[in-house]
Amino acid sequence: MNFFLENTSNILPPQARNIEKLRYKLLSFFQKFGYIMITPSLFKYINFFFFKKKIKENINYNLYKKLKKFSNFFLKIKKKKIFEIFKIATYLLKKNSIIKICYINNILYTTKTLNTYIKKEFNEIGIGIYGKNNLKFDIEIQELALLILKKIGILNIKVSLCHTEILKSIIKKDLMAKKQENYLSYLLFTKNIFKLKILTKNFLPEVKKNLLKVPYLYGNINILKKAKKIFLFFPKIIKALEELENLIKLIKNKNYIIDLSDFNNYYMYNGIIFNIYHLNYSNSIIEGGRYNFFTKFYKRIKSTVGFTINLKRILNLIFKKKKKKAIYAPWCNNLLLKKKILKLRNIGEIVIQNISHINKYYEYKFNRIIKFKKGFWDILYF
């Protein structure tokens, strides 16, 4: 099973403990707002004939592993848990019109670099409101995301707002552009104007003109007025811009910016997209939006809105690499020493025995030592 382990990373101390602390803190916080916890599965079995069909459709078969030499089944690592979460939400919605879910799991995916595939993994925690389409749920989700960051001490943030309808409406009448929809969203997200000009060379003139204007529609709420003038003859875009404007007015937060080309994970969303960035970090720390696209597979769910947090990225911002202070104790089968150690541990002290030195990956730093002196075990400072 080395296939699953190549190019993935272990979590070392103190990051492993800090992730668990952050995980517990966030889940406890979600519980106060009525979110129930689920754990979606990581693997699933897939039939060989279905697998062959998927390869023809250019599905990344690096996420598959055949179980046995003569077996007709493959073990698939689920690249995205969103479908599994929707299945669970559909089941839970039997008794409720709306359900609030939080989840946490490991994500494993592959990225292609030149001729090789690199497997990456990260810890993710997310929440979602499943059931009905209402702007108040978008407000709740975004306010909750801001509250979480404030609670764990992350300041200096910016919330970027976008809407998928902008790209969809622009390329609607151009079949060539529609085939390149996902790649177009990536070029707009990265603001790669040079490649965007090359790609749109054979597009319809009007489509090309409008696409090249999108990366420059960036700024405060006033940029929406400018966008309305540009896309005056696109009723669906005007409606989307009004939706963004209403959202900002209702939330009343100064950290919001409009970036109409911020199509991060565009294929996942079908409506408002929001990404939260820290001023000292290039990648988004929270990604979220409306997942209406998936509702066509799950009829009971009319609409969904939620967000995900990459725990490792958050850790880089909030936890300082300070080692905890610990007491060194010699290994000795002495009843008085054992009682002394037990007493110290009961009051919250960290006591480590039988280690002459601490490895650099350890979380602890010795600042005291227990020594036998004049018939008693005393604590001495270094």
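No value in this document is a laboratory result; all are computed from the given coordinates. In this text, all values refer to a predicted model and were calculated from it rather than measured experimentally. Please note: Cβ atoms are built from the backbone with ideal geometry, for glycine as well, and neighbour counts cover all protein chains shown.
Observations on the model:
- Converting phi to 3J(HN,Hα) with the Karplus coefficients 6.51, -1.76 and 1.60 and the offset θ = phi - 60°, the stretch 162-169 yields 8, 8, 5, 4, 4, 5, 4, 6 Hz in sequence order, with x at every glycine or proline.
- Net charge of neighbours whose Cβ lies under 13 Å from the Cβ of Lys158, counting Lys and Arg as +1 and Asp and Glu as -1: -1
- Qualifying trypsin sites (Lys or Arg not before Pro) for the stretch 234-264 [loop in DSSP, other Cβ within 10 Å: at most 11]: Lys252, Lys254
- Surface/4 of the Cα convex hull for the stretch 325-381, nm²: 4.0
- Taking the average, over residues, of other Cβ atoms within 10 Å as the packing measure, peptides 269-278, 144-153 rank 269-278, 144-153 from highest down.
- By average C-beta atoms within 10 angstrom, highest first, the peptides 346-352, 131-137: 131-137, 346-352
- Amide H contacts under 5 Å for Ala326, placed H, 5+ residues apart: Lys365, Phe366, Asn367, Arg368
- Each label point was placed 7 Å from the Cα along the Cα-to-Cβ direction; for Trp331 and Phe372 their separation is 1.6 nm.
- Checked against a 25 Å cut-off, the cross-linked pairs Lys136/Lys158; Lys172/Lys254; Lys21/Lys324; Lys179/Lys225; Lys173/Lys228; Lys87/Lys172 give Cα-Cα distances beyond that limit for Lys172/Lys254; Lys179/Lys225; Lys87/Lys172.
- Chymotrypsin sites (Phe, Trp or Tyr not before Pro) within the stretch 226-258, DSSP loop, no more than 11 other Cβ atoms inside 10 Å: Phe233
- Only Lys, Arg, Asp and Glu carry charge here, each on its Cβ (+1 for the first two, -1 for the last two); on that basis the stretch 253-322 has a dipole of about 380 debye about its Cα centre.
- The phi-based Karplus calculation (6.51 cos²θ - 1.76 cosθ + 1.60; θ = phi - 60°) puts the 3J(HN,Hα) values of the stretch 144-154 at 5, 4, 5, 5, 4, 4, 5, 5, 8, x, 9 Hz, whole numbers, x for Gly and Pro.
- In order along the stretch 300-305, the Karplus-derived 3J(HN,Hα) couplings, from 6.51 cos²θ - 1.76 cosθ + 1.60 at θ = phi - 60°, round to 5, 8, 7, 7, 9, 9 Hz, and Gly and Pro are given as x.
- Peptide packing for 28-34, 175-181 was compared via the average number of neighbouring C-beta atoms within 10 Å per residue; ordered from the highest value, the list is 175-181, 28-34.
- Debye, to nearest 20: dipole size of the stretch 325-381, +1 on Lys, Arg Cβ, -1 on Asp, Glu Cβ: 160
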